[in-house]
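Q: Sharing a structure here in structure tokens format.
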Amino acid sequence: MLRALALILAFLIALPALAVQPDEVLDDPALEARARELSQELRCVVCRGENIDESNAGIARDIRILLRERLKAGDSDQEVLDFMVERYGEYVLMRPTAKGANLLLWVAGPLMLLLALFVAFGYIRARSRASEREAAAALSPEEAKRLEELLGD
């Protein structure tokens, strides 16, 4: 039983390593290390939240091959990332930049939280004032007596 569990655990740990095919691996270990590092920073355009190093999708394989071709051509890491963004859009980056249109996305979350807190504070404050007005608008003794008479019948 313990061996089976160890085998399953070893298989699950090795799953991300199965995405990169042997024919994709570069001969130069330093270049391959750079390629693997850059692969961690690029998102598979069809898989949600999975980088191209872990993805088994066909497009991820194409991007991995293109990445390695660019590195062989002598591009720097930033040049490779810029090329990928130009070709696939900023969605391809696992950590998009916080400028331009993305700035709105980075700022929208905290702004919506502040707006929600402001609305909640206003609602609670209005409810507390309404309960004070309700208490002040309680029935007078004559009105209470008349209500009892009406309900008593």
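The values are calculated or read from the model by the stated rules, or taken from the named source; none is laboratory data. The structure presented is a predicted model; accordingly, all values stated were derived computationally and were not measured. Quick reminder, even Gly has a Cβ in these numbers, built from the backbone with ideal geometry, and neighbours come from all protein chains shown.
Q: Considering each of Leu117, Leu139 in turn, give the residue that is assigned to a helix (DSSP H, G or I), surrounded by 10 or more Cβ atoms within 10 Å (Cβ to Cβ) and free of Cβ contacts under 8 Å to residues at least 40 places away in the same chain.
A: Result: Leu117 is the single residue among Leu117, Leu139 that is assigned to a helix (DSSP H, G or I), surrounded by 10 or more Cβ atoms within 10 Å (Cβ to Cβ) and free of Cβ contacts under 8 Å to residues at least 40 places away in the same chain.
Q: I'm trying to understand the selection: among the residues of segment 42-86, which are touching a Leu at 6+ places or on another chain (Cβ under 8 Å) and of a type in the set (Lys, Arg)?
A: Arg43, Arg68, Lys72
Q: If I filter segment 64-86 down to residues being exposed (fewer than 11 other Cβ atoms within 10 Å of the Cβ) and on the phi < 0 side of the Ramachandran plot, which single residue comes out as farthest from the chain's Cα centre (by Cα)?
A: Taking the candidates together, the pick is Ala73.
Q: Same structure again: Determine whether Ser55 is part of a loop (DSSP other than H, G, I, E, B), surrounded by 11 or more Cβ atoms within 10 Å (Cβ to Cβ) and either touching a strand residue (DSSP E or B) at 6+ places or on another chain (Cβ under 8 Å) or in the same structural domain as Val25 (by TED's automatic domain parsing) (or both).
A: yes
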